[in-house]
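A quick write-up on the structure given underneath.
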Amino acid sequence: MGKLAITGGEPLRKAPFTSWPMGTKEESAALEDVLTSGKWGGQPFPGKHADAFAKKFAAYHTTKYGQCVSTGTIAIQACLIAIGICPGDEVICPAYTWEGTVGPVLLLNAIPVFVDVDPDTYCMDARLIEKAITPKTKAILPVHLGMRFADMDEILRIADKHNLKVIEDCAHAHGGMWKGKGAGSMGDLGAFSFQSSKLITSGEGGAVITNNLEYMELVQSYINAGRASLTDQYHHRIVGFNYRIGEFQAAVLGPQLDRLPQQGEIRDKNMKQFQARLQNTPGIGLLKPEPRITRAAPYGCVIKYFAEQVKDIPRASFVAALQLEGIPCDGLFYEPVYKSSLFPVKAQDFPALSWGREKPLDLRNMYHCPEADQAAYVEAVWFPHQHFLGSSADVDAIVDGVHKVLANIEELRGLDHKSIRNQKLGRADRES
Ligand SMILES: Cc1ncc(COP(=O)(O)O)c(C=O)c1O
């Protein structure tokens with residue numbers, strides 16, 4: 001029997017961390033209001049709760065217009081429609097993200113072009129974008145991933161130079177600000193997810209924000225079965241679908257937006273404590289500080305695990321050991337999208353991959369993104385944001401867990417354990 005819980009010792013932490021999502025009496029009251037109103041859906045458009053939330057949410061992110069939609073994936077899809085992405089167009093995406101960033105590009109029969117991520121941020125590396133631009137490129141789709149922003153200064157400069165549109169995937173960045181500007185307000189449009197794990201959640205849901213009325217009108221028509229938008233100043237008529245959010249979902253968003261600033265401060269303080277205590281810990285690295293982020297919105301707290309500094313014990317063993325100490329965390333949280341088992345692209349399903357080519361583009365095998373590989377398969381460790389909503393003792397427990405595993409890392413050498421085997425699998429392929 002060893003000292004680590006994974007080798008039979010006592011787990012360091014037995015109490016759970018803050019649970020997520022949080023339902024309070026404010027959410028209950030809002031749900032009751034929907035229940036008794038008889039207006040449960042998003043039609044008549046927009047629903048009362050969806051409309052009130054979207055307006056506040058847009059303003060909180062320094063934009064004029066906001067629209068709730070059914071998921072974050074649909075939010076991205078609606079943004080692509082708004083900027084006029086057509087079959088065969090190319091959209092530059094980061095390699096390291098959730099598949100939902102890229103799926104909508106394919107769904108429109110456009111072509112995702114992957115660029116590697118910056119090891120300082122794990123977000124799209126802006127220095128690589130220009131090499132990926134071709135005459136077919138129409139847009140850049142950066143993701144503000146984890147706890148950082150993509151370099152919006154550079155991305156906007158490049159977009160301007162090459163006449164490209166920018167859609168910000170803000171699924172991880174609710175409330176975040178870059179140089180005083182809200183996440184999603186700097187590009188042409190911003191797309192948010194309200195899926196269960198997100199900083200604001202309706203279980204499933206999403207939103208689009210923008211400062212451009214024409215884009216907002218297109219988004220509204222697209223997600224409301226093609227009906228005229230609320231303002232209809234541009235008179236666009238497009239084929240649309242029912243991608244509305246329901247009022248039960250919209251109702252629980254408002255109270256969470258009210259709590260977001262206070263939660264943001266707690267998270268920020270706790271993550272600073274976490275990072276301060278982990279600084280100079282052999283085997284652990286932190287992402288580079290980014291002073292241009294003026295309001296932090298960390299969806300996850302992300303650190304780096306350097307196996308070579310701790311006797312070459314692989315990340316899967318380190319993460320599984322931490323989990324068994326009672327510290328939920330994850331290593332293989334995302335993969336380079338094109339390698340993921342959730343991205344089994346077949347050329348016959350996406351005709352644009354073949355247009356003008358002898359052989360269709362082989363998205364699964366044509367890219368090599370070493371930094372995305374390093375983050376995905378070797379070094380990134382993700383801690384859920386809600387761990388950082390509790391007390392400073394909670395934060396200490398996470399750090400103590402990391403130190404305990406590192407101090408006893410030899411116990412993991414050659415260890416075969418179900419949790420380690422599970423950690424080697426992508427999230428979609430794991431036993432739950
Ligand atoms: C970075 C990123 N983009 C897009 C999405 C898609 O959002 P949804 O799951 O709400 O469709 C998610 C979330 O799940 C995400 O994490």
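FYI, it's all coordinate maths here, none of it is from the lab. It should be emphasised that the depicted structure is a prediction, and the values quoted were computed from it without experimental measurement. No Cβ is skipped: glycine too gets one built from the backbone with ideal geometry, and neighbour counts run over all protein chains shown.
With all projection directions averaged, the alpha carbon convex hull of the chain covers 21.1 nm². Taking amide H as placed 1.01 Å from N in the peptide plane, residue 111 has its amide H under 5 Å from the amide H of 88, 89, 90, 91, each at least 5 places away in sequence or on another chain. The alpha carbon centroids of the stretch 136-165 and the stretch 349-406 are separated by 20 Å.
For the stretch 58-69, backbone phi angles converted through the Karplus equation (6.51, -1.76, 1.60; θ = phi - 60°) give residue-by-residue couplings of 4, 4, 4, 9, 6, 10, 7, 10, x, 9, 6, 9 Hz, Gly and Pro being listed as x.
Note on the chain: helix-only mean residue ellipticity at 222 nm, from DSSP H runs of 4+ residues weighted -39500 (n - 2.57) and normalised by residue number, equals -9500 deg cm²/dmol. Looking at the chain as a GNM with Cα springs under 10 Å, which of 329, 68, 86 has the largest mean-square fluctuation? Among 329, 68, 86, the largest mean-square fluctuation in the Gaussian network model of the chain belongs to 86.
3J(HN,Hα) along the stretch 127-134, derived from phi through the Karplus expression 6.51 cos²θ - 1.76 cosθ + 1.60 where θ = phi - 60°, amounts to 5, 9, 5, 4, 5, 8, 7, 10 Hz, with x in place of Gly and Pro. At q = 0.08, 0.16 Å⁻¹, what is the log10 ratio I(q)/I(0) for the stretch 1-159, with the Debye formula run over Cα points and no solvent? For the stretch 1-159, the Cα-only Debye profile gives -0.40, -1.02.
For the chain, modelled as a GNM with alpha-carbon contacts under 10 angstrom, which of 369, 170, 93 fluctuates the most? Answer for the Gaussian network model of the chain: 369. When you restrict to C-alpha pairs under 8 Å that are six or more residues apart and normalise by the size of the stretch 264-337, the relative contact order lands at 24 percent.
Here the convex hull built on the C-alpha positions of the stretch 182-230 has a volume of 80 cubic angstrom per residue. The lysines whose alpha-carbon is closer than 19 Å to the alpha-carbon of residue 14, local same-chain residues fewer than 8 away aside, are 3, 404.
Along the chain, the longest continuous region that contains none of the chymotrypsin sites (Phe, Trp or Tyr not before Pro) in a DSSP loop with at most 16 other C-beta atoms within 10 Å is 41-233. For trypsin sites (Lys or Arg not before Pro), the sites in the stretch 87-169 that DSSP calls loop and that have at most 16 other Cβ atoms within 10 Å are 136.
Computed from Cα positions, the angle between helix 152-162 and the longest principal axis of the chain comes to roughly 40 degrees. The trypsin sites (Lys or Arg not before Pro) of the stretch 171-268 meeting both criteria, a DSSP state outside H, G, I, E and B (loop) and at most 11 other C-beta atoms within 10 angstrom of the site's C-beta, are 237.
I need the fraction of alpha carbon pairs in the stretch 119-210 separated by more than 23 Å, rounded to a whole percent. Cα-Cα pairs of the stretch 119-210 separated by over 23 Å account for 23 percent. Could you work out how far helix 213-223 tilts from the main Cα principal axis of the chain, as a 0 to 90 degree angle to the nearest 10? With both axes taken from Cα atoms, the answer is about 80 degrees. Between the amide H of residue 140 and those of 92, 165, 166, 167, distances stay under 5 Å, these residues lying 5 or more places away or on another chain, with hydrogens modeled in the peptide plane.
Pair-distance distribution P(r) for the stretch 378-432, from all Cα-Cα distances in 10 Å bins starting at 0: 18, 39, 37, 5 percent.
Across the stretch 67-190, C-alpha contacts under 8 Å between residues 6 or more apart give a mean separation that, scaled by the residue count, equals a relative contact order of 22 percent.
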